[in-house]
1. Work out the FRET efficiency for residue 76 and residue 325 from their Cβ-Cβ distance, taking R0 = 51 Å, and round it to the nearest 0.05.
2. Pulled fully out, how much extra length does the chain show between residue 12 and residue 24, if you take 0.36 nm times their separation in residues and subtract their Cα-Cα distance?
3. Among residues other than residue 113 whose Cβ falls under 15 Å from its Cβ, what is the net charge (Lys/Arg +1, Asp/Glu -1)?
4. Dipole of the stretch 59-296, Cα-centred, from +1 at each Lys and Arg C-beta and -1 at each Asp and Glu C-beta, to the nearest 20 debye?
5. Over the stretch 59-296, one equal point on each Cα, no solvent: what is log10 I(q)/I(0) by the Debye formula at q = 0.07, 0.10 Å⁻¹?
6. Just going by the charge dipole of the chain, with Lys and Arg at +1 and Asp and Glu at -1 on Cβ, which of 312, 30, 196 is farthest out on the positive end?
7. Mind checking which of 351, 164, 85 has the largest fluctuation in a GNM of the chain, springs on alpha carbons under 10 Å?
8. Over the stretch 201-305, what is the mean sequence separation of C-alpha contacts under 8 Å (at least six apart), divided by residue count, expressed as relative contact order in percent?
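FYI, it's all coordinate maths here, none of it is from the lab. Just so you know, these numbers come straight off a predicted model, no measurement behind them. Neighbour counts are summed over all protein chains in view; Cβ atoms, including those assigned to glycine, are modelled from backbone coordinates with ideal geometry.
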Amino acid sequence: MDFSQIRNQFDNCVVANYSRFPLCVARGEGSRIWDTDGKEYLDLFPGWGVAGLGHCHPAVAEAIARQSRKLIHVANNYYNEEQGEFGEILSTRSGGRQAFFCNSGAEANEAAIKMVRLARQPRHRIVTMRHSFHGRTMGAIAATGQPEYQKGFTPVVPGFDYAEVNNPASVEAVVNADTCAIMLEPVQGESGVVAASREFLAFLRRLCDELGMLLVFDEVQTAPCRLGEWFGYRYFGVEPDVITTAKAIAGGMPMAVLLAKPEVAAALKPGTHASTFGGHSLGCAAGIAAFKAMEEERVMENVRELGGWLDQRLGSLIGPEYGIKNLRRVGFMIGIELEHPGIALVNDCREHGLLVNCTHTTIIRMLPAFNIKKDDLERGIGILSDRLKRDEWRRG
Ligand SMILES: Cc1ncc(COP(=O)(O)O)c(C=O)c1O
């Protein structure tokens, strides 16, 4: 089938809720993908951060194949070995928190919203941050502090108050006797790599302790490994009560998890919450293999080492010659703020074999695989800087 036929299938049969680039991905390996015409691309935004180990990591692929011949899914009213083992892996790496498994970042955040309300009832209000992103389900868009994500879907779930990242007074202004939790991304990804400061997160921890509220970190992008630690909270040195994560936890399988301190997790009793596919055997087997590979390949060291190098390499491009205003990097979350809108640059880079993302109009975003080699990063930045220097894309 050629590309126009495939596009026809999509036009006729698939809901058009995504804007798609004219590229049909046929296969992937590590930080590379190939389209149906055999053209190769260097992927510095693999699967929007899902492919943390690159595409089709052999150990993950092998684990999926092996597990699929044994057991793919088993209902959650039985035990299974894979969910227990993956739960232990996540629990030991998150300081003894307990896992609730589900299938997407938004679903993990919905579970967190329900858990903190149950754990602190009758208090029910949750403070989240402006410019945050917590997913597209009804609870998650209510938590998301960006009106454009709520437009057309009102009335949104009530009970959310919004504050500003790194602005303690804005939090104090909205916290009241009904507030049960504060929820935020330690680094806002969708907003263009905007990090909370350690001081701000420590302030939130103190405030939550003083007022008996719970602190929730949405680590859908920041964990595992993205900040050079298993979980982002370790990078910041501040302990949340509840963590949600998804994306890279299972080597590309749809899998998400909420991790809560046992005393908070205890609120979710049988009958209060569930997910049919949550913690399915295939995803857990992939997750076990992914964590083993992340450990064996020392990917966190790679993120830390190459992170420092990236600051120098990309930092040297800041200025009018390349049209770069500012660089924001935390671990392998990289935001390059341009002087101009960036979508034409993304298209130009793709034409030249490089995949990157643009968010909030002017921010070029990269979420490279944790195990990417320096040569590949260098090549990617070479293409990017070459394209940045030309000005065709600025006119686009
Ligand atoms: C911080 C954060 N939370 C939640 C989500 C939603 O995850 P999902 O698309 O898996 O529902 C995302 C997705 O990008 C995210 O970046």
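1. For R0 = 51 Å, the calculated efficiency reads 0.55.
2. Residue separation times 0.36 nm, minus the Cα-Cα distance, leaves 2.7 nm.
3. On the way: positive: 114, 117, 120, 123, 125, 136; negative: 107, 110, 161, 178, 185, 218, 241.
It works out to a net charge of -1.
4. The calculated dipole for the stretch 59-296 is roughly 380 debye.
5. Treating every Cα as an identical point scatterer, log10 I(q)/I(0) equals -0.21, -0.44.
6. 196
7. 351
8. On the way: 135 pairs, mean separation 27.4, N = 105.
It comes to 26 percent, rounded to a whole number.
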